[in-house]
1. For region 159-169, does any single residue satisfy the condition of being at pLDDT 65 or above and touching a His at 6+ places or on another chain (Cβ under 7 Å)?
2. Considering region 32-59 alone, what residues qualify as being hydrophobic (A, V, I, L, M, F, W, C), over 15 Å from the mean Cα position of the chain (by Cα) and under 27 Å from Q110 (Cβ atoms)?
3. Does region 71-82 contain at least one residue that is in contact with a His (Cβ under 8 Å, 6 or more places away or on another chain) and either aliphatic (A, V, I, L, M) or in a helix (DSSP H, G or I) (or both)?
4. Spot the failing condition for D13; the list is (1) free of Cβ contacts under 8 Å to residues at least 40 places away in the same chain; (2) crowded, with 21+ Cβ neighbours inside 10 Å, and only one is missed.
5. Going by the conditions given, is L62 in contact with a Ser or Thr (Cβ under 7 Å, 6 or more places away or on another chain) and either of a type in the set (K, R) or under 13 Å from Y86 (Cβ atoms) (or both)?
6. Does any residue of region 81-101 turn out to be polar (S, T, N, Q), under 23 Å from T201 (Cα atoms) and under 15 Å from the mean Cα position of the chain (by Cα)?
7. Working carefully through the options E29, E33, E46, E37, find the one that is without any contact (Cβ under 8 Å) to a residue 24 or more places away in the chain and either assigned to a loop (DSSP other than H, G, I, E, B) or not small (G, A, S) (or both).
8. With respect to I18, determine if the residue is assigned to a strand (DSSP E or B) and either polar (S, T, N, Q) or touching a residue at least 40 places away in the same chain (Cβ under 8 Å) (or both).
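The values are calculated or read from the model by the stated rules, or taken from the named source; none is laboratory data. These numbers were taken from a predicted model, which means no experiment stands behind them. Neighbour counts are summed over all protein chains in view; Cβ atoms, including those assigned to glycine, are modelled from backbone coordinates with ideal geometry.
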Amino acid sequence: MESSQKIRIAICDDHPVIRFGLSQVINNEHDIEVVLEAPTSDQLIEHFSSAQPDITILDLELDDQSGIDCLREIRKTDPEAKVIIYTAHNESDCIMEAIELDIQGYLLKQSECNDIVRNIRVVYNGGTTLEPGIATKLLARMRNNQVKSDCVLSKRENQVLGLLALGKTNRDIAKTLFISERTVKFHVSSILEKLKAKNRTEAALFAKQNNLVPEMAVS
């Protein structure tokens, strides 16, 4: 990252103390800045395009609508937007709804300040991050769906999965493996089907937890 370039953060939370605290923590970092604070989803969506955040930190409970509904609106505005859920809720239903909408992170509000900053950087650089307890619940659900750690992936699927688990985009994977983005999409779809994963976040998490990420030799 160039010294003049900062990670742009939007915060949406209906508690002013939370917004203030997050802003203080984030703006104290030399490479991160808050460009939008919104107490409601309506205000977030209204200013989202002009603010152009790299990452949105979103609560699940808002005064005007649920965070899940707000997340759906964000996806309509920018399907590739990076979102970290920041909430007090760790119920399985909330977690699964958020993950199915392809969030990049899920943090609980008791997280340490250093963890928040670290996870922002992880997500900005293409990774995903989940609280350990959240990851455990997700893995349990996937196992209930009969995902098998010994599922058979082709050599190319293993290569794609390895890069996917590192947070790479389809374009990055295509450039690394010298294949088309369309071919990458085909392999990702096949991987998700074999793992019975709903999205890339689930596939990446399951790959890491079950040692499915191979050595990244692509020759």
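1. Going residue by residue through region 159-169, those that are at pLDDT 65 or above are 159-169.
Subsequent filtering for residues that are touching a His at 6+ places or on another chain (Cβ under 7 Å) retains 160.
So far as region 159-169 goes, yes, one or more of its residues are at pLDDT 65 or above and touching a His at 6+ places or on another chain (Cβ under 7 Å).
2. First, the residues of region 32-59 that are hydrophobic (A, V, I, L, M, F, W, C): 32, 34-36, 38, 44-45, 48, 51, 55, 57-58.
Those still in the list that are over 15 Å from the mean Cα position of the chain (by Cα) too: 32, 34-36, 38, 44-45, 48, 51.
Hits for region 32-59 are I32, V34, V35, L36, A38, L44.
3. Going through region 71-82, the residues in contact with a His (Cβ under 8 Å, 6 or more places away or on another chain) turn out to be none.
No, region 71-82 contains no residue that is in contact with a His (Cβ under 8 Å, 6 or more places away or on another chain) and either aliphatic (A, V, I, L, M) or in a helix (DSSP H, G or I) (or both).
4. (1)
5. Numbers: in contact with a Ser or Thr (Cβ under 7 Å, 6 or more places away or on another chain): yes; either of a type in the set (K, R) or under 13 Å from Y86 (Cβ atoms) (or both): yes.
Yes.
6. As a first pass, look at region 81-101 and keep what is polar (S, T, N, Q): 87, 90, 92.
Add one more test, that the residue is under 23 Å from T201 (Cα atoms), and what stays is 87, 90, 92.
Among the residues that remain, those that are also under 15 Å from the mean Cα position of the chain (by Cα) are: 87.
Yes.
7. E46
8. On the way: assigned to a strand (DSSP E or B): no; either polar (S, T, N, Q) or touching a residue at least 40 places away in the same chain (Cβ under 8 Å) (or both): yes.
Against the criterion (assigned to a strand (DSSP E or B) and either polar (S, T, N, Q) or touching a residue at least 40 places away in the same chain (Cβ under 8 Å) (or both)), I18 does not qualify.
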